[in-house]
Amino acid sequence: MAKTVLVINSGSSSIKYQLVDLESGEGLASGLVEKIGEPIDGHYKHEYNGEKHELEEPIHDHEQGLKRVLGFFKEYGPDLSEAGIVAVGHRVVQGGSIFPNPALVTDKTINQVKDLAVLAPLHNGPEAKGAEVMRALLPDVPQIFVFDSSFFFQLPKAASTYALNKEIADQYHIRRYGAHGTSHEYISSVVPEVIGKPAEGLKQIVLHIGNGASASAEISGKPVETSMGLTPLEGLVMGGRTGDIDPAVVFHLIRNAHMNVDELDALFNKRSGMMGMTGFGDLREVHRLVAEGNEDAKLALDVYVHRIVSYIGNYTAQMGGVDVITFTAGVGENDDIVRKMVCDKLAPFGVKLDEEKNATRSKQPRVISTPDSSVIIAVIPTNEELAIARKSAAIAEAGEDAYGNTFAK
């Protein structure tokens with residue numbers, strides 16, 4: 001009988017889910033719930049066996065949404081009671097300093113995840129709610145929290161510590177937690193096999209570039225740097241986020257534009273980045289504008305690439321060299337223009353891109369540099385759902401987590 005894990009990613013007004021086959025690593029079924037709690041009709045999409053099923057109706061809360069999702073599995077398949085489900089894995093953005101490892105969902109851990117919402121206000125609350133609901137709906141199936149920040153909990157102190165007043169930093173738990181950790185951990189773990197080199201001593205840079213974007217550096221599979229900080233705002237230019245910016249811009253806008261905290265939060269996280277510079281967060285639209293001769297779009301793309309290259313240079317120096325740079329996530333996997341622009345900047349250091357391989361669209365892990373390139377350039381599709389599923393299954397099989405919480409099998 002197959003063994004599967006249902007992976008759930010609960011957002012403030014949406015739920016993404018996928019049923020993962022642990023043996024093949026494939027997603028057997030997946031879906032999306034959108035517009036939860038909004039005054040307009042919500043939208044459901046469930047995909048299984050090549051068929052797509054959709055429904056529109058008002059979705060009042062996450063409980064209603066998840067009940068409907070379980071109904072879709074029963075009606076359209078695969079029936080979870082026959083699918084060999086061993087766990088439900090819940091993606092959580094922020095585990096703070098409390099959760100360096102995944103955790104069983106209990107009353108205590110639910111409350112801890114809710115408390116950590118001060119570090120991720122848009123994410124942790126809904127993620128805790130989703131776990132709470134699923135625990136009630138499937139009480140006989142172990143529910144597991146898997147934290148996006150756990151991988152980067154291993155960062156060296158010099159990389160995770162801000163030069164902020166120590167008392168304030170300690171009191172309010174201010175440090176660099178990173179994000180996209182599940183993706184960076186997954187990619188850095190499969191790179192050695194893809195490029196045919198041993199993991200020991202391998203110096204990697206992983207570029208997770210999508211609407212949200214982050215870079216990381218790993219030596220022997222262990223993280224030594226990452227671009228996101230206390231929140232996902234720090235680092236690379238993103239679809240709607242500024243990435244790195246002088247903190248004094250906040251003071252300037254408070255004093256001169258009379259903006260409040262909520263306005264600044266929305267400006268920096270939703271109305272900046274590529275969206276703020278071009279009117280579009282989607283890189284495909286930015287490329288279209290560039291092709292039409294739009295100077296704002298051209299500048300925005302140059303800024304976008306400049307920031308990526310800056311991090312590559314930083315991390316190469318920190319590691320004392322780099323063996324492989326991997327592109328992943330939506331832009332990293334599919335945007336050959338951005339990959340070429342980045343690699344062209346690295347050409348003076350012996351990086352050589354195979355133009356034909358770079359331009360070829362594929363969903364397979366692949367090397368796109370030439371054999372004589374000084375650094376291997378790879379493109380590897382990320383699979384956060386599989387990584388979450390594997391971690392969840394391991395805890396379900398053990399019946400306990402690293403914190404002493406147990407689940408009676």
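Quick one: Asn124 ticks every box in (1) open to solvent by less than 10 Å² (accessible area, probe 1.4 Å); (2) over 22 Å from Ser216 (Cβ atoms); (3) within 19 Å of the chain's Cα centre (by Cα) except a single one, so which number is it?
(2)
Of the residues Thr326, Thr360, Thr370, which is among the hydroxyl-bearing types (Ser, Thr, Tyr) and closer than 30 Å to Pro102 by Cα?
None of the others qualify; the one that does is Thr326.
Within region 310-359, restricting attention to residues that are more than 25 Å from the chain's Cα centre (by Cα) and at positive phi, which residue is most open to solvent (accessible area, probe 1.4 Å)?
Gly320
State all residues of region 376-386 that are within 14 Å of Ile195 (Cα to Cα) and either open to solvent by 40 Å² or more (accessible area, probe 1.4 Å) or more than 25 Å from the chain's Cα centre (by Cα) (or both); if no residue qualifies, say none.
Those that are within 14 Å of Ile195 (Cα to Cα) and either open to solvent by 40 Å² or more (accessible area, probe 1.4 Å) or more than 25 Å from the chain's Cα centre (by Cα) (or both): none in region 376-386.
Can you give me the number of residues within region 381-409 that are in contact with an Asp or Glu (Cβ under 8 Å, 6 or more places away or on another chain) and within 19 Å of Val7 (Cβ to Cβ)?
Going through region 381-409 one residue at a time, the tally reaches 5.
Of all residues in region 360-373, count the ones that are open to solvent by less than 50 Å² (accessible area, probe 1.4 Å), part of a loop (DSSP other than H, G, I, E, B) and not small (Gly, Ala, Ser).
Residues that pass the stated criteria total 2.
What's the number of the only condition in (1) surrounded by fewer than 21 Cβ atoms within 10 Å (Cβ to Cβ); (2) touching a helix residue (DSSP H, G or I) at 6+ places or on another chain (Cβ under 9 Å); (3) not in a helix (DSSP H, G or I) that Ser24 fails to meet?
(2)
Name every residue in region 97-142 that is part of a loop (DSSP other than H, G, I, E, B), under 20 Å from Lys391 (Cα atoms) and either touching a residue at least 40 places away in the same chain (Cβ under 8 Å) or of a type in the set (S, T, N, Q) (or both), in order of residue number.
Selection gives Ser97, Phe99, Pro100, Asn101, Pro102, Val105, Thr106, Leu138, Val141, Pro142.
So, of the residues in region 149-184 that are of a type outside the set (Phe, Trp, Tyr) and under 20 Å from Asn211 (Cβ atoms), which turns out to be surrounded by the fewest Cβ atoms within 10 Å (Cβ to Cβ)?
Checked region 149-184; the qualifying residue surrounded by the fewest Cβ atoms within 10 Å (Cβ to Cβ) is Ser183.
Kindly evaluate Ser10 against the criterion of being under 27 Å from Val113 (Cβ atoms), without any contact (Cβ under 8 Å) to a residue 24 or more places away in the chain, among the hydroxyl-bearing types (Ser, Thr, Tyr) and assigned by the TED database to the domain that holds Gln143.
No.
Has region 74-94 got any residue that is assigned by the TED database to the domain that holds Tyr44, in contact with a Ser or Thr (Cβ under 9 Å, 6 or more places away or on another chain) and part of a helix (DSSP H, G or I)?
The first filter runs over region 74-94 and keeps only residues assigned by the TED database to the domain that holds Tyr44, leaving 74-94.
Now drop any that are not in contact with a Ser or Thr (Cβ under 9 Å, 6 or more places away or on another chain), which leaves 74, 78, 80, 83-94.
Now narrow it down to the ones that are part of a helix (DSSP H, G or I): 74, 80.
Among the residues of region 74-94, at least one is assigned by the TED database to the domain that holds Tyr44, in contact with a Ser or Thr (Cβ under 9 Å, 6 or more places away or on another chain) and part of a helix (DSSP H, G or I), which makes the answer yes.
Results for (1) surrounded by fewer than 15 Cβ atoms within 10 Å (Cβ to Cβ); (2) more than 21 Å from the chain's Cα centre (by Cα), shown as yes or no for each residue.
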| site | (1), (2) |
| --- | --- |
| Gly196 | yes, yes |
| Asn211 | no, no |
| Leu253 | no, yes |
| Leu264 | no, yes |
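Which ones in region 136-156 are touching a Pro at 6+ places or on another chain (Cβ under 6 Å) and among the acidic types (Asp, Glu)?
Those that are touching a Pro at 6+ places or on another chain (Cβ under 6 Å) and among the acidic types (Asp, Glu): none in region 136-156.
Glu218: outside the structural domain of Gly273 (by the TED database) and within 14 Å of Val324 (Cα to Cα), yes or no?
When the stated conditions are applied, Glu218 does not pass them.
The values are calculated or read from the model by the stated rules, or taken from the named source; none is laboratory data. Here the structure is a predicted model, which means the values were calculated and not measured. Note that each Cβ is placed from the backbone with ideal geometry, even for glycine, and that neighbours are counted across all protein chains shown. Ligands, DNA and RNA are excluded from the accessible area calculation, which covers all protein heavy atoms including side chains. Shrake-Rupley method; radii C 1.70, N 1.55, O 1.52, S 1.80 Å.
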